[in-house]
Amino acid sequence: MPTANAKSKATKSPAKKSAVKQFPRTLAGTVTQPVDHSRIELLQQYQAAVTLMQQGNYSAAHPALEKLLQTATPEFTDRIRMYMAACIAQAKKGAAEFSTPEEKYDYAVSLLNDGQYDDARQHLDEILDGDANADYAFYGLALLASMTGDTQTCLDKLTEAIRLNGLNRIQARSDSDFTGMNDDPRFTELLYPEA
């Protein structure tokens, strides 16, 4: 039979363990971490490469990321490889080849419909660089100007498109992309000269 003395020892020891917590000892004040200049430089280069990507400059971002991959710590390598793959995909996407100027025009119109006005303008201008009498390219530039609210450019480009091909006048009458121009009397006069 256990004695009262043994019973009290059994109940005291678990209570003693839970009541006393051991904390690690620290020195008063703050501990300063050493400055890792190579990590700071790595982060700056990484940020510069990501900024190039965000600006759409994939051809400049890719070599910067390749250079960065050579010195990057393992925590960055997966992300850098992902961004490099994105650069390659974007470069392939932008490098569309067209067998005819009409295909390039169709692509430019799809860019217009997607709201990529600067890219569309570039393709339409390239068509005109190859053929200064490409009425459909002038028509496309008139559409672009109408969609961006540039009234005078729209009138100038549409006038040239109609001069090169009179059927553009008929097409413009029913083109919903010119609805922003309907209130302009010069536009009405251009489309309905006989009225």
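What the table below lists for this structure:
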quantity	calculated
Test for L128: is it under 32 Å from the mean Cα position of the chain (by Cα), within 14 Å of V109 (Cβ to Cβ) and either part of a helix (DSSP H, G or I) or of a type in the set (A, V, I, L, M, F, W, C) (or both)	no
Residue match in the range 67-86 (condition: free of Cβ contacts under 8 Å to residues at least 40 places away in the same chain, over 23 Å from A48 (Cβ atoms) and surrounded by fewer than 14 Cβ atoms within 10 Å (Cβ to Cβ))	no
Candidate set: the range 87-101, residues that are surrounded by 13 or more Cβ atoms within 10 Å (Cβ to Cβ) and not aromatic (F, W, Y); chosen: the one farthest from the chain's Cα centre (by Cα)	P101
Residue match in the range 47-54 (condition: modelled with pLDDT of 80 or more, hydroxyl-bearing (S, T, Y) and outside any helix (DSSP H, G or I))	no
Residue satisfying all of: in the range 157-177; under 18 Å from Y117 (Cα atoms) and modelled with pLDDT of 95 or more; surrounded by the most Cβ atoms within 10 Å (Cβ to Cβ) among these	L158
Where a residue in the range 162-182 is over 22 Å from L111 (Cβ atoms) and its partner, wherever it lies, is among the polar types (S, T, N, Q) and assigned to a helix (DSSP H, G or I), with Cβ under 6 Å and at least six apart	I162/N168
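The values are calculated or read from the model by the stated rules, or taken from the named source; none is laboratory data. If you're wondering where the values come from, they're calculated on a predicted model, not measured in any experiment. Neighbour counts are summed over all protein chains in view; Cβ atoms, including those assigned to glycine, are modelled from backbone coordinates with ideal geometry.
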